[in-house]
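Please treat every number below as a calculation from the coordinates, not as lab data. Fair warning: this is a prediction, and the values are worked out from it, not measured in the lab. When we count neighbours, we look across all protein chains shown, and the Cβ atoms used for this are built from the backbone with ideal geometry, even at glycine.
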Amino acid sequence: MFLGLAAPAAAADADFDAGLSAFLDGDYRYAREIWQGLAEAGDANSQFGLSMNHESWRGVPPAAEKAFHWYSPAAEQGMIEAQFSLGVLYQHGRGIARDPELAAELYFSAAERGNAQAQYNLGALYLGGEGIAPDRDLGIAWLRRPAAQRFGRAIQRLKIMGVVLHPSDEEARKVTGAAPERAAPETPPDNGR
């Protein structure tokens with residue numbers, strides 16, 4: 001029984017890889033053809049691939065609504081890159097109504113799992129008070145995480161703010177442990193202090 005379930009997954013992976021090869025070779029139409037059926041069958045990688053096509057003008061006219069349509073199920077399946085990308089769409093109102101609170105939640109989901117861009121964006125939201133209650137300390141703590149991964153924009157922003165960078169900063173992990181609160185965005189989240 002297990003082998004019967006593994007075969008379709010392996011075939012989907014192989015098909016996705018064929019679509020990825022086509023995408024990287026610039027054959028966006030063929031990549032889209034391969035990914036379409038897989039995406040409709042629920043393959044998160046293919047859903048993400050179609051979203052990239054629609055958002056980045058790769059072989060199709062830009063259509064943020066279609067990118068949103070495919071990022072959503074991939075994000076619901078826990079794909080970190082889709083959670084981040086969907087957060088960007090919500091933060092800027094591309095293809096969907098602007099919702100910085102939901103953007104913060106999506107960034108948090110991806111940031112908790114190590115996505116440096118999501119960590120950076122979440123830190124920026126805390127610093128600016130967009131979608132969540134402003135909290136300078138929490139914003140800096142979130143920026144320290146991608147800086148520790150050598151994410152250039154985080155390093156630059158912290159330096160501009162006059163924040164001393166530490167090679168290994170466990171304090172950032174302690175401080176950033178709680179999700180932003182959607183129900184009461186004016187209330188800073190419990191940050192473990």
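So the values come out like this:
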| read-out | value |
| --- | --- |
| Sequence ranges 14-23, 145-154, 46-55, 123-132, ranked by mean other-Cβ count within 10 angstrom, highest first | 46-55, 123-132, 145-154, 14-23 |
| Under 10 Å, Cβ to Cβ, from Ala64 - net charge with Lys/Arg +1 and Asp/Glu -1 | 0 |
| Residue-wise HN-Hα coupling along the range 119-126, computed from phi with Karplus coefficients 6.51, -1.76, 1.60 (Hz; x: Gly, Pro) | 4, 4, 5, 5, x, 5, 5, 5 |
| 12 Å beta-carbon shell around Ser21, net charge (K/R +1, D/E -1) | -4 |
| Counted charge near Gly37, where neighbours are those whose Cβ lies closer than 12 Å (Asp, Glu -1; Lys, Arg +1) | -3 |
| Sequence-distant residues sharing a close amide H with Gly129 (under 5 Å, placed H) | Asp135 |
